[in-house]
Amino acid sequence: MKHLLSISDLTAEELAEILELAEKLKAERYKGVVTDYLKNKSLAMIFELPSTRTRVSFEVAMTDLGGHALYLGWNELQLGRGEPIKDTARVLSRYVHAIMMRVRNHSTLEEFAAYSSVPVINGLSNLEHPCQIIADLLTIKEYKGSLEDVKVAWVGDGNNVCNSLILATALAGMEIVVSTPSGYEPDESIIKKAKELKANLKFESNPVKAVKDADVIYTDVWVSMGQESEKRKRLKDFGPYQVNKKLVDVAKEDVIVMHCLPAHRGEEITDEVIEGASSVIFDQAENRLHAQKAILLKLIGGEYD
């Protein structure tokens, strides 16, 4: 892979390799092993949107691996004053070894990657969030021992996280049931790609039916960045899709509950569930770091023993 803009940029084999590498890197960190796999390598991190987990995990990942990360706010660059994306891409890619971007529009990533001579990583766009989902699969694998025969129930908005999850479950051979209100389904282009990947994908508007026998329940905010004007309508439409104890109890006894954070406690998920025994949300957040390391090594790290 040259870039990671979409989960579909990976093959099933590459995804499995990244997960295996993330497990090794996580074990090394817990043992206190000092690594310099990315010594003298630099990562530019461009943020058009605010971030906690994406920024910190990528910056710490580069530091842990012996490299260097540069935080670049969109409005601190000439991009914020109208410099063409293609000009910034060609200049930055002569300075650094990879570029991670967190942007509003996926088309921004695609244009940047078209002119960049170094790998471009999608740290979030309106269409996908692949780095998040790779960390999520790592978490599921840790808790379930394998990704085989795992059923994931997505409950809520068919957003960018949902889009990437659909594609990832297809590559990993997992089952996914998506439960959204009418009008909030995942992107049609994603569904088409998933079908091409022979995804085990089902849609069930009733969240109670969707989570039956689920190994994993996953949700996300109902009102994402840029959707604030729709808040009243969204809260009404998504009301029946809250992940609460009553819903969790319908799934398997050993179900794990996931959320990519930040969470709006009391809206898409209750405080009781976040703090409950089924929640793996903070393990999931930690795994952003280990997954990011593996992604960086696969893209710019060369040989890894």
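Brief remarks on what is shown
- Charge tally in the Cβ shell below 12 Å around residue 92, where Lys, Arg are +1 and Asp, Glu are -1, residue 92 excluded: +1
- Rg over Rh, two decimals, the chain (C-alpha only, Kirkwood Rh): 0.96
- Residue order, fewest to most beta carbons within 10 Å, for 259, 3, 264: 264, 3, 259
- Ordered by the number of other Cβ atoms lying within 10 Å of each residue's own Cβ, fewest first, 55, 288, 90 fall into the sequence 90, 55, 288.
- Bins of 5 Å from zero: percent of alpha-carbon pairs in the range 14-140: 2, 10, 18, 23, 21, 14, 7, 4, 1, 0
- One quarter of the convex hull surface built on the alpha carbon atoms of the range 130-284 amounts to 8.2 nm², the projected area averaged over directions.
- Charge dipole (Cα centre; +1 on Lys/Arg Cβ, -1 on Asp/Glu Cβ; no other charges) of the chain amounts to roughly 540 debye.
- Take every pair of alpha-carbon atoms less than 8 Å apart whose residues are at least six positions apart; their mean separation over the length of the range 68-163 yields a relative contact order of 21 percent.
- Charge dipole (Cα centre; +1 on Lys/Arg Cβ, -1 on Asp/Glu Cβ; no other charges) of the range 130-284 amounts to roughly 420 debye.
- Two-site FRET efficiency, residue 35 against residue 144, from Cβ-Cβ distance with R₀ of 30 Å, rounded to 0.05: 0.60
- Highest to lowest packing among 204-216, 220-232, scored as the average C-beta count within 10 Å: 204-216, 220-232
- P(r) weight above 15 Å for the range 224-305, C-alpha pairs, percent: 68
- Fewest-first sequence of 68, 290 by Cβ atoms within 10 Å of each Cβ: 68, 290
- Note that the range 118-222 shows a convex hull volume over its alpha carbon atoms of 106 Å³ per residue.
- A simple spin-label model places pseudo-atoms 7 Å from Cα toward Cβ; at residue 225 and residue 264 they are separated by 1.6 nm.
- Using C-alpha pairs under 8 Å with a sequence gap of at least 6, the mean separation divided by the residue count of the chain gives a relative contact order of 20 percent.
Any read-out appearing in this document is the output of simple, stated calculations on the displayed coordinates, not a laboratory observation. Computed from a predicted model, the values in this text were never measured in an experiment. Please note: Cβ atoms are built from the backbone with ideal geometry, for glycine as well, and neighbour counts cover all protein chains shown.
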